[in-house]
Structures are given as C-alpha cells and as structure tokens.
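S.K.: Quick one: the structure is below, and I'll ask about it shortly.
The values are calculated or read from the model by the stated rules, or taken from the named source; none is laboratory data. Since we're looking at a predicted model, the values are computed, not measured. Virtual Cβ from ideal backbone geometry, glycine too; neighbours counted across all protein chains shown.
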Amino acid sequence: MHMADALLSPAVGATMWAGSVAAIGYSSKKLKENIDNKTIPLMGVMGAFIFAAQMINFTIPGTGSSGHIGGGMILAVILGPYAAFLAMASILTVQALFFADGGLLALGCNIWNLGIYPCFLVYPLIYKPIAGDGKSTRRISAAAMISVIIALQLGAFSVVMETLLSGKSELPFNTFVLLMQPIHLAIGLVEGIVTAGMINYVRKAQPEILEANSFSRPLDAGISIKNILIAFVILAVVTGGALSWFASTHPDGLEWSIEKVTGKGELKEATQGIAPFLKGIQEKTAFLPDYNFKPADKEEPKGNETPAWPGIETGTSFAGILGGSIVLMFILLIGFGIRFFKKR
Amino acid sequence: MTFDEKYYNIGFLDQLSYKNTIVHRLDPRAKVIITLLFLFTVISFPKYEIVALLPFFLYPVLLMTLGEIPFMFIFKKVVFVSPFAVFIGIFNPLLDSGQVSIFHGFMISAGWFSFFSILIKFTLTVSTALLLIATTSFPNVCHALRQLGLPSLFVSQLLFLYRYIFVLMEETMRIVRARNMRSYEKRGHGIRVFVRIIGILFLRTVERAERIYFAMLSRGFQGDMPTLKRFHFSRGDLGFAVFFIVFLFIFRFYPATEILGRFVQGVFS
C-alpha cells in the first residue's frame with residue numbers, strides 16, 4: 001500500500017527521501033560502471049511493462065475480488081538489483097505524479113518500502129540462495145513465493161512505522177500492525193503465485209532472457225556482503241534517527257517504540273548516539289530552521305485550558321473560523337475572477 | 001477504475017500539459033522547487049492545525065485557474081485516491097477523545113481536528129502534485145530534475161518509462177480485449193490465464209526493447225538522452241519563485257488567518 005503525504009511529518013518524509021535518493025545515486029553509479037547500453041531501453045520498457053501489467057485485473061480464486069501485481073520482485077529477477085531498483089523508483093515516481101498514488105513527499109517512503117526491500121534485501125538474501133542456479137522450477141517457485149511475501153511484509157511494516165513516527169494518526173501500534181500485516185500476507189500470497197508463474201513461463205519460453213541476466217552480466221553476479229551491510233547501516237540510521245526525533249519530544253514515546261520493536265530497551269544507547277549527530281546535520285541542512293520538526297504535538301488537549309494548543313481556545317477559535325472563511329472566500333474569488341476574465 | 005479509464009486519464013493529463021498559458025511557460029525548475037517547498041511547508045504544520053492551512057489553497061487554485069486545468073478532473077482524481085488517508089485518519093476522532101470547545105460551550109472531540117487537518121493536507125498535496133504535471137508535462141519535469149542534479153541514468157529511465165507506457169498500454173488493451181471477448185462470465189479471468197497473459201506481454205516487451213535498442217543505436221545512442229530544449233530562468237520565473245517563497249514563509253510563521261479573523265470580528269462588534 002502506498003504511503004500518503006498527509007500522514008507524514010517532515011522529519012520522516014525527509015529522512016526517507018534522503019535514504020531513497022542516496023540509493024538511487026548509488027545504483028546509478030553502480031550501473032554506469034558496468035552497463036551495456038542495451039540495458040537502458042530494457043529497463044525503461046520493463047518499467048512500462050510492470051505498469052501495464054498492473055492494470056490488468058484478475059480474479060483471486062476463492063474470493064470474488066480482483067487483484068493486480070506489484071512487480072518489485074519480477075524486476076529484480078529479470079534486471080538484477082540495481083537496474084530493478086531504478087525501474088521501480090521510476091514507476092513509483094510516475095504513479096505519484098499521474099495517479100497521485102502516495103504523493104511527492106511520500107515518494108521517498110514508497111521507493112524505500114517497495115524498492116529497497118525487494119531489490120537490495122530480499123533478492124540477494126532470500127531469492128538467490130533459494131532459487132540457486134535457476135534450473136529447478138520448484139525452487140524458483142518457492143523462492144518467488146517466499147521473497148514476495150517477505151518483501152511485502154517488510155514494506156507494510158515500514159508503512160506502519162512511518163505513519164506512527166510521523167504522529168499524525170492516532171492508531172495504536174498493535175491495531176495498525178494487525179490491520180496491515182494480514183492484508184499484505186494475502187496480497188503477498190497472490191502476488192507470489194503470479195510472480196512464480198511468470199518467471200517459470202518466461203524460463204520455458206525464452207530461457208536465455210533469464211540466463212543472460214543471472215550469469216553473463218557482472219553486475220548481477222550478486223551483491224557483495226559489504227553492500228548489504230551498507231544497506232543495513234542506512235536502515236539502522238534511518239530508524240534510529242527517526243526514533244530519536246520521536247524520543248527527544250516524548251520520552252515515553254521512545255519507550256513503547258523500542259519495546260515493541262526490539263522487545264527490550266537495548267537500542268536506547270544506539271539512538272542516543274545517533275541523535276545528536278543527526279540533529280547536527282538537520283540543523284545545518286534545514287533551510288528553514290524554525291520549522292516544527294517534532295513528529296507530533298502529542299500534548300493531550302484537555303479542554304480550553306491548554307495554551308499549548310494553537311488557536312483552539314474559545315474566542316481564538318471563533319476568530320480562526322472567521323478568518324479561515326474569509327481567506328477561502330478570497331481564494332475562491334481569485335480563482336473565479338481569473339476564470340471569468342479569461343473567458344471574455 | 002477500469003483499464004480504459006485509467007489509460008485515458010493519463011493521456012488526458014499529458015494533453016493538458018501541452019497547453020500554452022502563463023503557468024505552462026514558467027521554467028520547470030522553478031515550478032518543481034516551489035512545489036516541493038510548498039508540500040514541505042504544508043506537511044510541517046502540527047497535526048491539529050486547520051485554520052492556518054487554508055491560505056495555502058491559493059497556490060493550487062492559481063495553478064489551476066491560470067493554467068486552465070478543468071477543476072472536475074483534478075477533483076475526481078483527488079477523491080479517487082483518498083481512501084487510504086481517510087481510512088487511517090478516521091480513527092483519530094475515535095481514539096483521540098479529548099474534548100475541545102470551539103464556540104461557547106460547543107464541544108467536539110480533538111480527533112476531529114487532526115482528521116480534518118489530514119484531509120486538508122491530503123487535498124493540498126495531492127492536487128498540487130497533479131497540477132505540477134498538468135502544467136509542466138512529465139518530460140519537462142524530468143529535465144528539470146536532471147538539471148537539479150538527479151543522476152542522468154535515472155532521468156533517462158523516467159523518460160523511457162513515460163514514453164513506452166502509452167505504447168505498452170495500447171498493446172495491453174488489445175490483449176485484455178481479446179481475453180474479455182473469449183471469456184464468459186468469470187471464466188478466463190483467473191490467475192492461470194493472467195500469468196500467461198503477462199508472460200506473453202513480457203516477451204513482446206523484451207522484443208520491443210531489442211528493436212528500440214537497435215533503432216537507437218542507428219541514431220547514435222551513447223547512453224544518454226540529451227534535450228534540444230534550453231531552459232533559461234527569466235525574470236518572470238524569479239518573480240514567481242520569490243513571491244511564493246515569501247508567501248509560504250509568511251503564512252507558515254504568522255497566524256495571518258486568525259489575525260484577519262480578529263480584525264473583522266473587531267470591526268463588526
């Protein structure tokens with residue numbers, strides 16, 4: 001599921017953007033080093049392929065509902081991780097711009113959730129070992145099933161974390177996880193079947209396409225352990241940083257996140273180490289330093305004696321409503337005025 | 001949305017972006033930067049804020065009216081993608097039950113404020129992103145991104161993707177039509193047929209990629225997609241950028257709406 005702008009806080013949005021842009025830069029660099037130009041059109045057309053394939057609906061057996069594919073794993077298997085990641089990122093960009101799936105700020109989150117996990121974590125760590133040399137249909141099917149499900153679970157869990165850290169939604173962690181994970185398990189099952197089926201179909205019809213990818217091209221020979229470590233470090237920094245932002249405003253907020261995430265308070269030292277560092281970066285890079293970067297104003301509003309609450313006291317609020325309607329009227333007037341004068 | 005609708009939707013958005021109005025003529029870089037700043041500003045408001053968000057409707061309204069973009073088109077798209085935000089946000093009034101009074105003695109659950117705040121932010125961000133494309137065209141946004149420093153490989157990827165979406169959609173539409181004509185009721189709509197369909201689609205795609213590659217080679221492709229169009233940052237672009245930066249700044253840091261409200265209230269009482 002796509003993350004939406006309105007549920008994001010700037011801190012989380014910017015962090016995820018930074019992570020995703022770094023990954024795009026890294027993948028581009030890696031690809032540039034050892035790409036044959038033939039891959040460039042293939043990547044583009046493959047992106048369009050996933051797009052088109054997403055628009056074909058099919059009936060999910062047992063239920064009456066219809067589903068469509070997500071495609072991250074298919075791309076990873078066919079193009080290799082770096083090219084697949086760029087293709088996925090471009091698909092999500094087009095979706096954000098044309099279908100408003102997610103949004104521009106949430107794009108960083110979406111690229112992370114739907115691109116990084118399948119391409120850089122699941123593909124090298126799970127798909128490759130299980131699929132082996134790609135000769136056995138059964139192993140490929142199992143690999144595709146398992147990796148699609150895991151990738152989707154990771155993605156769904158990230159949506160939960162990003163929403164919670166942003167603090168715009170009141171959903172408690174447990175409920176949210178219980179809503180998201182099972183839905184995505186079901187989606188993952190269906191998508192796994194489709195992915196497995198398609199890879200095997202292609203393997204039967206034109207095996208050279210897959211072989212060319214997994215063997216002859218150096219960049220697909222596998223991602224080194226070093227890169228995976230880098231990915232994990234980025235992940236750790238991102239979650240740590242986000243958690244520490246959260247923690248700096250609400251000590252109890254950190255407690256529950258850490259408890260829920262790790263089961264114990266161990267991470268605390270780590271986040272405290274990262275927090276000042278990230279804060280420093282943030283202070284240096286924030287072009288509008290006064291921005292409210294705190295993920296949430298969690299102060300519980302208790303009637304009208306809470307001054308921390310901007311503009312919702314009696315009296316103030318009336319002025320707010322009045323001012324708001326005037327502003328809206330004014331903007332509408334501008335809009336209609338322009339329309340009117342243009343028509344003449 | 002059915003397949004055809006989705007297809008024509010993206011096609012229509014593309015058509016809109018080739019109009020020639022004041023907004024369309026602005027430098028794509030200016031529009032991209034201001035739009036990102038705008039989104040960032042809107043999102044940065046605390047979660048109970050409603051009133052201070054309202055002035056920000058000016059930006060999408062200006063883009064829409066000056067750019068001659070039909071309101072209903074944007075509106076429908078915004079409504080169509082709203083379920084996720086609504087679904088997550090609707091829990092706020094239930095879970096955040098602190099009572100707040102707005103008028104004298106009229107109480108309301110605090111969660112409604114954050115819910116409406118989410119809805120307003122959602123409308124603002126989604127419509128602005130759509131309007132950016134509708135007034136700039138996707139290829140221009142891509143070139144702007146490249147000039148702003150995104151890797152050229154990624155930008156060519158975006159351009160390729162965009163170019164071939166239309167071609168592949170035609171192809172897919174033919175396949176889907178063929179499936180629908182041969183299937184009665186639900187037969188033939190299952191997973192097995194679907195897998196074969198996308199298998200075929202994939203093979204055709206790869207063949208197409210090969211043809212494209214040869215065609216590009218014969219036209220001198222060397223791994224980059226240059227553009228003939230040269231953008232230059234004119235005085236108008238600068239004016240547009242400065243105006244909206246000041247606008248965003250003022251309405252982010254000063255409760256202008258509320259001050260206006262108090263003023264009017266004072267006049268009439």
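S.K.: For B:I118, state whether it is over 26 Å from A:F85 (Cβ atoms), touching a residue at least 24 places away in the same chain (Cβ under 8 Å) and surrounded by fewer than 20 Cβ atoms within 10 Å (Cβ to Cβ).
M.R.: Here the answer is no, as B:I118 does not meet what is asked.
S.K.: What's the number of the condition B:F75 fails, among (1) farther than 18 Å from A:A96 by Cβ; (2) buried (at least 20 other Cβ atoms within 10 Å of the Cβ); (3) within 15 Å of the chain's Cα centre (by Cα)?
M.R.: Going through (1) farther than 18 Å from A:A96 by Cβ; (2) buried (at least 20 other Cβ atoms within 10 Å of the Cβ); (3) within 15 Å of the chain's Cα centre (by Cα) one by one, B:F75 breaks only (2).
S.K.: Being at pLDDT below 80, surrounded by fewer than 19 Cβ atoms within 10 Å (Cβ to Cβ) and under 16 Å from A:L8 (Cα atoms) is true for just one of B:F106, B:F87. Which residue is that?
M.R.: Answer to the selection: B:F87.
S.K.: In this structure, is A:S90 over 25 Å from A:T39 (Cβ atoms) and either under 17 Å from the mean Cα position of the chain (by Cα) or within 14 Å of chain B (Cβ to nearest Cβ) (or both)?
M.R.: When the stated conditions are applied, A:S90 does not pass them.
S.K.: May I ask you to say which residue of B:E210, B:E258 is of a type in the set (D, E) and either modelled with pLDDT under 80 or farther than 30 Å from A:L210 by Cβ (or both)?
M.R.: Among B:E210, B:E258, only B:E258 is of a type in the set (D, E) and either modelled with pLDDT under 80 or farther than 30 Å from A:L210 by Cβ (or both).
S.K.: Given the criterion under 30 Å from B:S97 (Cα atoms) and among the hydroxyl-bearing types (S, T, Y), identify the matching residue among B:T125, B:T136.
M.R.: None of the other options fit; the residue is B:T125.
S.K.: For the condition at pLDDT below 85, among the hydroxyl-bearing types (S, T, Y) and either under 24 Å from A:I91 (Cα atoms) or touching a Leu at 6+ places or on another chain (Cβ under 8 Å) (or both), what is the one hit in B:T2, B:T35?
M.R.: B:T2
S.K.: Filter segment A:163-182 down to the residues that are part of a helix (DSSP H, G or I) and within 11 Å of chain B (Cβ to nearest Cβ) and list them by number.
M.R.: Correct list: A:T163, A:L164, A:S166, A:T175, A:F176, A:L179, A:M180.
S.K.: Identify the residue in segment B:136-154 that is surrounded by 22 or more Cβ atoms within 10 Å (Cβ to Cβ) and aliphatic (A, V, I, L, M) and, among all such residues, is modelled with the lowest pLDDT.
M.R.: Across segment B:136-154, the extreme among qualifying residues is B:L153.
S.K.: List pairs: first in segment B:14-26 and assigned by TED's automatic domain parsing to the domain that holds B:T128 and touching a residue at least 40 places away in the same chain (Cβ under 8 Å), second among the aromatic types (F, W, Y) and surrounded by 12 or more Cβ atoms within 10 Å (Cβ to Cβ), Cβ under 6 Å, 6+ apart or cross-chain?
M.R.: As it stands, the answer is B:L26/B:F240, since those pairs meet every condition given.
S.K.: Here is a further query. List, please: which pairs have Cβ atoms under 7 Å, are six or more places apart or on different chains, and start with a residue in segment B:58-85 that is facing chain A (nearest Cβ under 9 Å) and end with one that is of a type in the set (S, T, N, Q)?
M.R.: B:L66/B:T21; B:E68/B:T21; B:V78/B:T123; B:V78/B:S127
S.K.: Can I ask one more? Looking at segment B:43-85, which of its residues are over 28 Å from B:K19 (Cα atoms) and either assigned to a helix (DSSP H, G or I) or among the basic types (K, R) (or both)?
M.R.: B:I43, B:K47, B:V51, B:A52, B:L53, B:L54, B:P83, B:F84, B:A85
S.K.: Continuing with this model, one more query. Within the set of pairs 6 or more residues apart or between chains, which connect a residue that is within 19 Å of A:P41 (Cα to Cα) inside segment B:160-189 to a residue that is hydroxyl-bearing (S, T, Y) with Cβ atoms less than 7 Å apart?
M.R.: Correct list of pairs: B:L161/A:S90; B:L168/B:T205; B:M169/B:Y7.
S.K.: Separate question: So, in segment A:128-152, how many residues would count as being in a helix (DSSP H, G or I) and surrounded by fewer than 19 Cβ atoms within 10 Å (Cβ to Cβ)?
M.R.: Here the count works out to 7.
S.K.: Something else: Looking only at segment B:153-178, count how many residues are more than 8 Å from chain A (Cβ to nearest Cβ) and under 32 Å from the mean Cα position of the chain (by Cα).
M.R.: 6
S.K.: Return the pairs, sorted by first residue and then second, in which the second residue is modelled with pLDDT of 80 or more and surrounded by fewer than 17 Cβ atoms within 10 Å (Cβ to Cβ), the first residue lies in segment B:254-269 and is closer than 15 Å to A:F330 by Cβ and more than 7 Å from chain A (Cβ to nearest Cβ), the beta carbons are less than 9 Å apart, and the residues are 6+ apart or on different chains.
M.R.: Cβ pairs passing all conditions: B:A256/B:I250.
S.K.: Something else about it: I'm checking my understanding of the structure. Among residues of segment A:1-26 that are small (G, A, S), within 10 Å of chain B (Cβ to nearest Cβ) and surrounded by fewer than 24 Cβ atoms within 10 Å (Cβ to Cβ), which one is farthest from B:G149 (Cα to Cα)?
M.R.: A:A14
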